[in-house]
Amino acid sequence: MALSKKSKTAFTDPLMSNNPISLQVLGICSALAVTTKLDTAVVMSFAVIAVLSVSNTVISILRKMIPAKVRIIVQLSVIASMVILTDMVLKAFFYDISKQLSVFVALIITNCIIMGRAEAFAMQNGPGRSLLDGLGNGLGYGLILIGVAFFRELLGFGTIYNRQVIPESFYQAGYENMGLMVLSPGAFIILGLIVWAQRIIGKVEEE
């Protein structure tokens, strides 16, 4: 079955033209905190994609039964349940990375991307379109997270996914890893360059 234009837009817009991090400027905290290594960024991305997609779908299914006065509480309850389940899966199958992510998985509950999509989209649209919106925003978030982590790990540690990629001869010739990339300012620099490049390529104009 072919997707409607609105469904396609719900999925594709957050990937580039309306990315939640680089254009909506949401979810910046995790983009700075969990991107020192590529493996943690990938796991965090999958966690957010899972939580966002399922919570969007569930909230959309329940939207007509949720009283307006308690809708935020219901949304938080659904999101929190998904985060707890995701955290348990990570501890069961990716324990070491789960320890590295520490409290940041639990803080997905307060991620403004997830709350924003639940309130602005899932409460207004059907389950199918809400699922696509959740997938699109989760993937858009993950693309930026992984992009920042790629450059931070490469420049800060000389590795990609914990594998050494900068030849030993470079270090013998005097090359040194950029310690700044391991720190938060390094994340700001990389994220800023990605935002700048995306806005130039996409010809995004400020209102």
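Quick one: would you say residue 55 is out of contact with any Asp or Glu (no Cβ under 6 Å at 6 or more places or on another chain), among the small types (Gly, Ala, Ser) and in contact (Cβ under 8 Å) with a residue 24 or more places away in the chain? So residue 55 passes the test. Within the stretch 3-27, being in contact (Cβ under 8 Å) with a residue 24 or more places away in the chain and under 12 Å from the mean Cα position of the chain (by Cα) holds for 14, 15, 19, 20, 21, 22, 26, 27. I'd like the full set of residues that are crowded, with 24+ Cβ neighbours inside 10 Å, at pLDDT 85 or above and part of a helix (DSSP H, G or I), limited to the stretch 11-37. Correct list: 14 only.
Residue 92: without any contact (Cβ under 8 Å) to a residue 40 or more places away in the chain, over 21 Å from the mean Cα position of the chain (by Cα) and surrounded by fewer than 20 Cβ atoms within 10 Å (Cβ to Cβ), yes or no? Break it down stepwise before answering.
Working: without any contact (Cβ under 8 Å) to a residue 40 or more places away in the chain: yes; over 21 Å from the mean Cα position of the chain (by Cα): yes; surrounded by fewer than 20 Cβ atoms within 10 Å (Cβ to Cβ): yes.
Yes, satisfied.
Let's see how each residue does on (1) in a helix (DSSP H, G or I); (2) at pLDDT 90 or above; (3) under 30 Å from residue 13 (Cβ atoms):
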residue: 90; (1), (2), (3): yes, no, yes
residue: 130; (1), (2), (3): yes, yes, yes
residue: 135; (1), (2), (3): yes, yes, yes
residue: 145; (1), (2), (3): yes, yes, yes
residue: 174; (1), (2), (3): no, no, no
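Residues that are in contact (Cβ under 8 Å) with a residue 12 or more places away in the chain and surrounded by fewer than 17 Cβ atoms within 10 Å (Cβ to Cβ) within the stretch 77-89 comprise just one, 80.
Search the stretch 59-74 for residues being surrounded by fewer than 23 Cβ atoms within 10 Å (Cβ to Cβ), of a type outside the set (Lys, Arg) and part of a helix (DSSP H, G or I), and hand back the single one that is modelled with the lowest pLDDT. Reasoning before the result, please.
At the first step, the residues of the stretch 59-74 found to be surrounded by fewer than 23 Cβ atoms within 10 Å (Cβ to Cβ) are 61-74.
Imposing the further condition that a residue be of a type outside the set (Lys, Arg) reduces the set to 61-62, 65-68, 70, 72-74.
Right, trim to part of a helix (DSSP H, G or I) and you get 61-62, 65, 68, 70, 72-74.
Working: 61: 95, 62: 94, 65: 92, 68: 88, 70: 92, 72: 92, 73: 93, 74: 93.
That would be 68.
Restricted to the stretch 151-170, and to residues that are in a helix (DSSP H, G or I) and out of contact with any strand residue (DSSP E or B) (no Cβ under 7 Å at 6 or more places or on another chain), which residue is surrounded by the most Cβ atoms within 10 Å (Cβ to Cβ)? Per the criteria, the residue is 152.
Could you tell me how many of the residues in the stretch 103-150 are more than 12 Å from the chain's Cα centre (by Cα), surrounded by 20 or more Cβ atoms within 10 Å (Cβ to Cβ), over 21 Å from residue 5 (Cβ atoms) and of a type outside the set (A, V, I, L, M)? Residues meeting the conditions: 0.
The values are calculated or read from the model by the stated rules, or taken from the named source; none is laboratory data. Please read these numbers as outputs of a predicted model, since none were measured by experiment. We place every Cβ from the backbone using ideal geometry, glycine too, and count neighbours over all the protein chains shown.
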